[in-house]
1. Given the conditions (1) over 16 Å from ALA55 (Cβ atoms); (2) modelled with pLDDT under 65, report the number of the one that PHE76 does not fulfil.
2. Considering the stretch 55-83 alone, what residues qualify as being among the polar types (S, T, N, Q) and over 10 Å from the mean Cα position of the chain (by Cα)?
3. Do any strands (runs of 3 or more DSSP E) entirely within the stretch 1-60 hold 3 or more residues that are open to solvent by 70 Å² or more (accessible area, probe 1.4 Å) and of a type in the set (D, E, K, R), and if so, which?
Amino acid sequence: MVKHWRVDREEKYEIVEKWFLKDLEMIDGKEADTDNPYFDMHFHKVYNIEAYSCASKYTCARTLNKLNATYLKKDFKIVNFDDTYLNDDSIWSSSNRDFLVVMRVCFYASNLLCLSLCRLS
């Protein structure tokens with residue numbers, strides 16, 4: 001966990017806490033249907049975490065899940081997160097697929113435009 005603060009125009013960071021991934025039991029997003037940066041990480045103790053944004057909260061959860069799958073293959077729970085944004089195979093989850101997201105939005109917009117221009121008999 002990193003503590004962040006600003007002194008005048010200079011930003012400071014300090015490592016406050018370190019954990020081992022093998023000790024992580026659960027990540028609780030608290031509320032899957034609201035846009036908030038708060039989540040809990042359950043180790044031997046529950047730590048309340050505030051991410052920079054909701055997107056960074058999901059990035060953290062995806063990264064921990066991927067690290068676990070790659071190195072530990074341990075079963076830990078990720079609860080109260082929207083699965084659409086949590087899974088790597090989702091088109092909406094990865095910033096590398098921004099082009100695909102834009103293409104999908106354009107496709108839907110063009111369909112709506114065509115439907116709105118069509119005459120109904």
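1. (2)
2. Scanning the stretch 55-83 gives ASN65, ASN68, THR70, ASN80.
3. Working: elements: 2-7, 10-15, 26-28, 38-42, 46-50.
Counting at least 3 such residues, we get 10-15.
The values are calculated or read from the model by the stated rules, or taken from the named source; none is laboratory data. Keep in mind that this is a model prediction, so the values were computed, not measured. Here the Cβ is made from the backbone with ideal geometry for all residues, glycine too, and neighbour counts use every protein chain on show. Just so you know, the surface numbers come from the protein's heavy atoms only, side chains and all, with ligands and any DNA or RNA stripped out. Shrake-Rupley method; radii C 1.70, N 1.55, O 1.52, S 1.80 Å.
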